[in-house]
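The structure appears below as structure tokens.
Read-outs throughout are calculated quantities, based only on the coordinates presented, and are distinct from any laboratory measurement. The structure presented is a predicted model; accordingly, all values stated were derived computationally and were not measured. With ideal geometry, Cβ positions are generated from the backbone for all residues, glycine too; neighbour counts draw on all protein chains shown.
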Amino acid sequence: MSRLEAKKSSLCKSEPLTSERVRATLCVLKGIITSCYGPSGRLKQLHNGLGGYVCTTSQSSALLGNLSVTHPILKILTTSIQNHVSCFSDCGLFTAILCCNLIENIQRIGLTPTTVIKLNKQLLSLCTNYLKSQACGCRISVDFSSTQILLCLVRSILTSKPACMLTRKEVDHISALILKAFLLTIPENSEDRIILGKSIIVPLKGQRVIDSTVLPGILIEISEVQLMKILPIKKSSALRVALFHVSLSGDLSDTGEGTVVVSYGVSLENAILDQLLNLGRQLVSDHVDLVLCQKVIHPSLKQFLSRHHVIAIDRVGVTLMEPLTKVTGTHPIGSLGSISPSSYGSVKDLCSAKFGSKHFFHLIPHETTICSLLLCNRSDTAWDELKLTCQTALHVLQLTIKEPWVLLGGGCTETHLAAYIRHKTHNEPESILKDNGCTQMELQLIAEAFCSALESLAGSLEHDGGEILIDMKYGHFWSIQADSLSVVNWPDLLSQCGCGLYNSQEELSWSFLRSTHHPFAPQTCLPHEAVGSVSRLTVDCLTAKLSGLQVAVETANLILDLSYVIEDKN
Amino acid sequence: MAAAGSVKAALQVAEVLETIVSCCVGPDGRQVLYTKPTGEVLLSRDGGRLLEALHLQHPIARMIVACVSSHLKKTGDGAKTFIIFLCHLLRGLHEVTDKEKDSLISENIQTHGRHWKNCCQWKFISQALLTFQTQILDYIMDQYLSRHFLSIFSLSAKERTLCRSSLELLLEAYFCGRVGRNNRKFISQLMCDYFFKCMSCKSGVEVFELVDSCFAELNVGVTGLPVSDSRVIAGLVLQRDFSVYCPADGDIRIVIVTETIQPLLSASGSEFILSSEAQFQTSQFWIMERTKAIMKHLLSQNVKLLLSTVKQPDLVIYYAELNGISVVECLSSEVVSLIQRIIGLSSFVLPQSFSQCEISNTALVKFCKPLILRSKRYVHLGLISPCPFIPHCIVLCGPVQGLVEQHENALHGAFKMLRQLFKDLNLNYVAQANDQNDTSSPLIYKNTREGNQLPEIGNGSIQRLYQDTVVKNKDELEKTQTYLKAYSNLIVSNVELEACILTPKLTPTDTFQRNETPMCLSPEKNRVIDYNEPIIESNSTTNSTTENTRIEISYGSLQVTKIAGKGSMLPVRDKSVDSCTSQSYCSSSMPAGCVLPVGGNFEILLHYYLLNYAKKCQQSEQTMVSIIANALLGIPQILYKSKKGNSFPQIYIRALHALQSNQPVVSGQTGLESVTVKYQLLTSVLQCLAKILTIDLVINIKRQPVKVYDQDSEDEL
């Protein structure tokens, strides 16, 4: 019997956000996250002080997953970000920084939570409506007939993760590979509904990044010894495949809850082995060329099969089962008895391949949507980071197919949006307030907090002490180096804006982002031809960013609304 | 260690709880974050959850929490109001006794003796509270308050229907106290959608019972998406993935199995003797063939989906796939029982032989397909429901699990609240008129109570007829009241007969006789004196029937103007309620669907009538009634604390004026709340207070109190 102990009373604290400790911890978290943001973000090394694995990263998923926060408010914040990342893969840091900024700014104002939440919600819907509208000046529709925007999107994701340790050339190579892998997962003859395939990332650590490649079909890793044993088969036509998900090791499966009494001299192992060999005979007579098994194949059966020139590969693992079913077109077999011929599938060809020090079987399909992305990087942690980044990029590409728009990256969307909201709240506050019982003054205060949260989010892209400017026509983000502030002639210093869409040769006027400037209406309706001429744009996924924006504001509202924290001390 | 249990100690505890709870009450309430010992972070505005999360140690506090949670189990609402009301009651009692204490001190009694004397006094008060709750409260509710009730149903000629706008008002007010400010409108809309999608025209209370008991299976939580992505989807979502999925069109039949389809070598409790290898092989072969045959048989019956509570062996999965049968495994028993309740399907028993071709235990479904929510796969099942519940599921999204759970709990609570609302509530109060009437009539007229449960045709006819008789009686009414009583009772009995003819479903009257034992049992003399008054009171109400209806009309016209102004439909006053008030001495139940506008309306009304009543009471009773009446005001005081335009005194005075001049009370807020729930809350608080007052000493012991076992269980030990 377990020991009974009286439950301790909980700890109840009122107005948690006003406590100095909470503010300090929030500030620390914000500092950690902000310093990671963007292409020039600083890396974080995570280790536990007892040796072992060290993780170098600047990604929110790796960072927040490894940080253990104790305060409940921080827990809410970090789990909210993690949940967002697990849904959309991208924009985790964006969400986290925006949320922290909002909490910090709004707290300083000291309005009642009721008003704050009401107005925040209004401003959020203003943002989302704008970003979804045709008039949006920071949104580009994706043209699927060319790879330009899609390549830009992948490249932006790769460059924003400095812990991958890629050179410019390697970034180009990997982004081309990712896009190729993604395109291979799109079925060629689609019906009414497209079902995307899958790209399997195959690890190959210690090789040069340039050696990474994409292959259609599936790579199954095998040992060199195994490879030697298997005789090369030469066959002109397609290979017949049998895929088993039941174990072929000869163990006795579930016999039920009762007892089974075996008489002396009766060997069940032999009986089952007989059954297995019968199965082998059936496979041979059905002209099967390749036997794949999720679990273990009995050595006798293996030997029997190889004697009859049937290749047997076991221990494929459950993760590969679904792609294998797709590639070969089989029904996974779950019976040791008679096999219906309809459960066999086929592959076009089979060859062995050697990449680095590893040996692979390469199943080449007739025509499927499964491909293998062989990913190389020099070190373990850099490979892990690169793998995460590739998964993010593939996911973002999938999201972009559903919603074919991208947002301008490099801080331009944030500054543009802030300029838009400033202008709206300044010029037509009545339409925002409607009749929700808030005053114009309150709206101005909250809008200022909201916009400066967005702007300082954009500002945190700059880590080298540079200064941020905003132009007064498009509301885009421009940065200059710290030491050149004394020079007056800005067009010479600024080459192009954050996203790369505009250059400084246009007749523009600038203002410091942090300084107060008169609200202006940023130019809406992005002309299509403006996009075509620029080859290197920085763009972000619309779906992920929009949801990140919503989650950030919702989470900030939630935290600002807290009146008590009750901690269970048991 | 022993501590004196006193009002003072209880008040201190209640005041601490009140400060915590009052932060979350009402539309301006805020959220509370709490952690579980497992480290989970949850959000809540639910008073019950807060009180439980505090893990209080003070014995009185624990008793209060226990009372609150038993109240919540019943109604699903009102934990915060419970604490506030209790606190105000204790405060009132404390103030009164403080005054008395001064006089006690002057009498110079020893402190110890004083304590015991106090305790006696408390016990007396606590008994008085219980009598108040069982008698006076119900009387006031029935006699005075009921004329203010609105009904959530719009009563048409034949049936009561629920209009969406009034349900929206009700739900919005409910969610005001339950979910965060930015989601309340959205969640109440979601609930409204869900409600109307699930209800068919003939469904009633049983749907609430079903949803209430199976709510966990009727919603799916998805974290990481904004709350606004939540939606209602048709059909049932099972929180499992397909083990085998074969797309199928046309007639899809399902079976539910609770055991593995593949026969096993030995069943539980039996022994299987293997004497040769050949025997083993043949038995394996037989198993295989049999599994194959069963799956073939299922296919021949057009079964396309197998729902299993257990994990099926590989063999079954393989043959299912070959035959194009989809399989879902490892379903929880709750899900299976829900499906069985909805479509009335019992689980499939493996046939011994295939001589019988028909499998009886199959059911037809509209569709079955995978549903992907945030890269997790679910099974989406379109059940065809013969029962009044049309299966729908709520997909609840939120950035964090804590928020999703909060919304889930709020929705569940809302169903509990509606379940209470849709039931008739019987009041203990039975009008005393029948004691003096001739002996035959009471038995008959009690049946009018059943009118609420009657099919509506009967009810309508009663009303119509009764209104006629009222008009007819009006002249005689002024002359002799006793005569009138007998006369109208006769008419009622006539009506009752008519109703019997119209609706043969009527249950025999004698069952009702047994159910209804009159509650006016107290033998005290002053009680009897009190009783005389209500009778006069009720008679005067009968006299002023015309006046009442006039008020009604004016109220109706006010509603019309409101409609024009706001563009939203306010619920039409329940006709049956009207008839109840005008009948004056035969109603002793609150019909289903009684609501009042939110914003402390109930409390102010009850306060007003209680004070009026108190004026006619004796000294001791008067203080108690007025304590209760004043304590009621605590809730609206908190609600209007931070309102800019209308502070509480303004609202209060406006309401009093309106009541005194017989005009309808206008509430500043839109939204409705259930009277039943409020009433139950009041009784629960009074019972809790009575319990607290009867305790005179709290003794701290070092070990668990020994449970008193039955003789049998001791034998077992």
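Classify segment A:270-400 as rounded, prolate or oblate, taking a ≥ b ≥ c as the square roots of the eigenvalues of its Cα gyration tensor: rounded when a/c is under 1.5, otherwise prolate if a/b is larger than b/c and oblate if not. It comes out prolate by the Cα gyration axes. With θ set to phi - 60°, apply the Karplus curve 6.51 cos²θ - 1.76 cosθ + 1.60 along segment A:564-570 and write out the HN-Hα couplings as whole Hz, x wherever there is a Gly or Pro. In residue order, the calculated couplings are 9, 10, 10, 9, 7, 9, 6 Hz.
Under a 5 Å amide H cut-off, with hydrogens placed 1.01 Å from N, B:M590 pairs with B:L425, B:N426, B:L427 among residues at least 5 apart or on other chains. Amide H contacts of B:I252 (H built 1.01 Å from N, in plane; Pro and chain starts excluded): B:V365 sit under 5 Å, all sequence-distant by 5 or more or on other chains. Report the FRET efficiency, 1/(1 + (r/R0)^6), for B:R62 and B:I653, where r is their Cβ-Cβ distance and R0 is 30 Å, rounded to 0.05. Plugging the Cβ-Cβ distance into 1/(1 + (r/R0)^6) gives 0.15. Per residue of B:269-276, other chain Cβ atoms within 10 Å of the residue Cβ number 5 on average.
Restricting the calculation to alpha carbons of chain A gives Rg and Dmax of 29.6, 100 angstrom.
Taking 0.36 nm per residue of separation and subtracting the Cα-Cα distance, full extension of the segment from A:I186 to A:M321 would add 46.6 nm.
Averaged over the residues of B:278-290, the number of partner chain Cβ atoms lying within 10 Å of the residue Cβ comes to 3. Here B:S276 and A:I194 are evaluated by their C-beta separation; at R0 = 35 Å the FRET efficiency comes out at 0.05. The GluC sites (Glu not before Pro) of segment A:491-570 that meet both conditions, a loop assignment by DSSP and at most 15 other Cβ atoms within 10 Å of the site Cβ, are A:E506, A:E507. Taking every residue in B:312-324 and counting other chain Cβ atoms within 10 Å of its Cβ, the average works out to 5.
Ranked by the mean number of other Cβ atoms within 10 Å per residue, highest first, peptides A:101-109, A:284-292 order as A:101-109, A:284-292. Remark: spin-label model distance A:E224-A:K8 equals 5.8 nm, labels positioned 7 Å along the Cα→Cβ axis. Nearest 0.05, what FRET efficiency do A:V262 and B:E289 give at R0 = 22 Å with Cβ-Cβ as r? Once the sixth-power term is evaluated, E becomes 0.45. In this simple spin-label approximation, B:K296 and B:Q622 carry label points 7 Å from Cα along the Cα→Cβ vector, and these lie 9.4 nm apart. Helical runs assigned H by DSSP (4 residues or longer) give chain A a calculated mean residue ellipticity at 222 nm of -13500 deg cm²/dmol, each run adding -39500 (n - 2.57) before division by the residue total. Judged by the gyration tensor of its Cα atoms, with axes a ≥ b ≥ c, segment B:236-390 is prolate; a/c meets the 1.5 cut and a/b is the larger of a/b and b/c. Here is what passes the span test in chain A: the DSSP H helices with alpha carbon length of 20 Å or more along the helix axis and a Kyte-Doolittle mean of 0.0 or above are A:20-36, A:72-88, A:92-109, A:113-132, A:168-184, A:268-285, A:380-402, A:440-459, A:542-560. A simple spin-label model places pseudo-atoms 7 Å from Cα toward Cβ; at A:D483 and A:R208 they are separated by 3.4 nm.
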